[in-house]
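Q: First, the structure itself, so that you have it in front of you.
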Amino acid sequence: MKLCRGEAANLENLWTKLRSEAEKLHEEEARLRHLVDDVVLSRGSFAESLAARLGRRLAREDMPREMIEPLISEIISADEHIAHACSRDLLAIFERDPACFSPLEPLLFLKGFMALSTYRVSNRLWLDGRRWLALYIQSVSSEVFSTDIHPAARIGCGILLDHATSFVVGETAIIEDDVSILHEVTLGGTGKATGDRHPIIRSGVLIGAGAKILGRVEIGTHAKVGAGSVVLNDVPPHTTVAGVPAVVVGEARETNPAMEMDQHLDCLGGGI
């Protein structure tokens with residue numbers, strides 16, 4: 001199921017901006033010219049550029065670049081949703097992360113963006129019944145980007161995965177559009193349960209670093225989960241939860257926590 005809503009990002013405008021930034025980088029830093037040429041300046045579109053970057057990062061002895069890059073390119077070309085989703089993820093990082101000074105930065109360097117883009121390729125393989133290949137891509141991505149996103153998970157667009165290290169997503173998890181997630185977050189199960197056993201994250205949610213959300217719980221629209229929390233029960237929309245186990249500590253003061261990226265807890269009786 002394709003979760004992304006709204007109009008497609010203007011890929012042509014994004015590609016023009018990426019090329020412009022790449023040309024500046026090419027002039028300013030000689031030691032990065034080969035990378036910039038290969039990934040951006042020699043490519044004709046965002047989709048081609050994305051396939052080249054992932055091909056460079058995911059190539060291994062058992063599937064060298066000359067094998068894996070054409071596979072990735074074929075998958076992205078066959079499903080226009082993938083390039084759209086990846087463009088939304090890239091722009092989410094640029095717009096929400098104050099440390100990101102150029103839209104070119106996620107494409108070249110940020111593993112959260114690359115891990116999500118790789119997931120989107122493996123998810124397409126999974127949906128097409130090519131499960132062994134999807135699991136291979138997942139395993140390599142886990143090794144390279146220090147994340148573990150099951151290819152069957154359902155993830156929307158406009159996802160900011162900040163830092164990304166140790167991010168884990170189970171097989172039946174659902175993440176809707178426009179969610180912001182920091183590092184060491186787990187969307188996991190509670191044991192040996194089968195069926196739908198992983199969390200549902202609704203749009204506009206902000207999940208702090210190290211939070212563990214376990215079982216088929218639902219994090220409501222525009223809710224906020226404090227860093228280090230362990231969530232075992234549903235979280236109502238527009239509320240803030242924190243603690244081990246997590247409890248409601250107040251209402252989320254932001255209209256859209258995922259966009260504001262404010263890590264303060266909105267405690268009952270006063271903020272922290």
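The values are calculated or read from the model by the stated rules, or taken from the named source; none is laboratory data. Note that the coordinates shown come from a computational prediction; the quantities given were computed from them, not determined experimentally. When we count neighbours, we look across all protein chains shown, and the Cβ atoms used for this are built from the backbone with ideal geometry, even at glycine.
Q: Just to check your reading of the model, which residue among Thr165, Thr190, Thr194 is surrounded by fewer than 18 Cβ atoms within 10 Å (Cβ to Cβ), in a loop (DSSP other than H, G, I, E, B) and touching a helix residue (DSSP H, G or I) at 6+ places or on another chain (Cβ under 9 Å)? Step through it out loud before you land on a result.
A: Values: Thr190 fails: touching a helix residue (DSSP H, G or I) at 6+ places or on another chain (Cβ under 9 Å); Thr194 fails: touching a helix residue (DSSP H, G or I) at 6+ places or on another chain (Cβ under 9 Å).
Thr165 is the lone residue from the list that is surrounded by fewer than 18 Cβ atoms within 10 Å (Cβ to Cβ), in a loop (DSSP other than H, G, I, E, B) and touching a helix residue (DSSP H, G or I) at 6+ places or on another chain (Cβ under 9 Å).
Q: To continue, here is another question. Just to be sure before I move on: is Asp162 within 17 Å of the chain's Cα centre (by Cα) and acidic (Asp, Glu) in the structure I sent? I'd like the intermediate steps shown before the answer.
A: Working: within 17 Å of the chain's Cα centre (by Cα): yes; acidic (Asp, Glu): yes.
For Asp162, the condition - within 17 Å of the chain's Cα centre (by Cα) and acidic (Asp, Glu) - is met.
Q: Being modelled with pLDDT of 95 or more and part of a loop (DSSP other than H, G, I, E, B) is the filter; apply it to the stretch 1-58 and report the residue that is farthest from the chain's Cα centre (by Cα).
A: Glu29
Q: Given (1) buried (at least 16 other Cβ atoms within 10 Å of the Cβ); (2) at pLDDT below 95, identify the lone condition not met by Ala223.
A: Answer for Ala223: the failing condition is (2).
Q: Further, regarding this structure: When you go through Ser42, Ser73, Ser20 one by one, which is the residue that is under 30 Å from Glu260 (Cα atoms), of a type in the set (Gly, Ala, Ser) and either out of contact with any His (no Cβ under 8 Å at 6 or more places or on another chain) or in the same structural domain as Asp262 (by TED's automatic domain parsing) (or both)? Don't jump to the end; show me each part of the working.
A: On the way: Ser42 fails: under 30 Å from Glu260 (Cα atoms); Ser73 fails: under 30 Å from Glu260 (Cα atoms).
Within the list Ser42, Ser73, Ser20, the selection yields Ser20.
Q: Would you mind telling me which numbered condition in (1) surrounded by fewer than 24 Cβ atoms within 10 Å (Cβ to Cβ); (2) closer than 20 Å to Ile75 by Cα Ile137 fails?
A: Only one criterion in (1) surrounded by fewer than 24 Cβ atoms within 10 Å (Cβ to Cβ); (2) closer than 20 Å to Ile75 by Cα is unmet by Ile137, namely (1).
Q: Return the pair list, or none, for Cβ contacts closer than 6 Å from residues in the stretch 212-235 that are farther than 24 Å from Thr255 by Cβ to residues that are crowded, with 24+ Cβ neighbours inside 10 Å and among the small types (Gly, Ala, Ser), at least 6 apart or on different chains.
A: Close Cβ pairs (under 6 Å, with a partner that is crowded, with 24+ Cβ neighbours inside 10 Å and among the small types (Gly, Ala, Ser)) do not exist here.
Q: Would you point out the residue of the stretch 168-187, among those that are without any contact (Cβ under 8 Å) to a residue 60 or more places away in the chain and not in a strand (DSSP E or B), that is farthest from Lys111 (Cα to Cα)?
A: Among them, the one singled out is Thr172.
Q: Still on this model: Can you tell me which residue within the stretch 89-109, out of those that are in contact (Cβ under 8 Å) with a residue 24 or more places away in the chain, under 12 Å from the mean Cα position of the chain (by Cα) and surrounded by 20 or more Cβ atoms within 10 Å (Cβ to Cβ), is nearest to Leu182 (Cα to Cα)?
A: Among those residues, the one meeting the criterion is Ile93.
Q: Let me ask you something else. Being under 21 Å from Glu254 (Cα atoms) and outside any strand (DSSP E or B) is the filter here; which residues of the stretch 197-209 pass it?
A: Those that are under 21 Å from Glu254 (Cα atoms) and outside any strand (DSSP E or B): Arg202, Ser203, Gly204, Val205, Gly208, Ala209.
Q: While we're looking at this one, here's another question. Go through the stretch 146-162 and give me each residue that's without any contact (Cβ under 8 Å) to a residue 24 or more places away in the chain and not in a strand (DSSP E or B).
A: Taking the stretch 146-162 as the starting set, the residues that turn out to be without any contact (Cβ under 8 Å) to a residue 24 or more places away in the chain are 148, 150.
Of everything in the stretch 146-162, just one residue is without any contact (Cβ under 8 Å) to a residue 24 or more places away in the chain and not in a strand (DSSP E or B), namely His150.
Q: As an exercise: evaluate Thr239 against (1) at positive phi; (2) among the hydroxyl-bearing types (Ser, Thr, Tyr); (3) over 22 Å from the mean Cα position of the chain (by Cα) and give the number of the one condition it does not meet.
A: That leaves (1) as the condition not met.
Q: Is one or more of the residues making up the stretch 21-34 closer than 20 Å to Phe145 by Cβ and not β-branched (Val, Ile, Thr)? Please lay out each step first, then the result.
A: Narrowing the stretch 21-34 to residues closer than 20 Å to Phe145 by Cβ: none.
Taking every residue of the stretch 21-34 in turn, none turns out to be closer than 20 Å to Phe145 by Cβ and not β-branched (Val, Ile, Thr).
Q: Going through the stretch 55-83 one residue at a time, which ones are farther than 15 Å from Ile137 by Cβ and crowded, with 21+ Cβ neighbours inside 10 Å? Lay out the reasoning, then the answer.
A: Going through the stretch 55-83, the residues farther than 15 Å from Ile137 by Cβ turn out to be 61, 66, 77-78, 80-81, 83.
Answer for the stretch 55-83, where residues must be farther than 15 Å from Ile137 by Cβ and crowded, with 21+ Cβ neighbours inside 10 Å: just Ala83.
Q: In the stretch 228-251, which residue that is at pLDDT 95 or above and of a type in the set (Gly, Ala, Ser) is surrounded by the most Cβ atoms within 10 Å (Cβ to Cβ)?
A: Taking the candidates together, the pick is Ser229.
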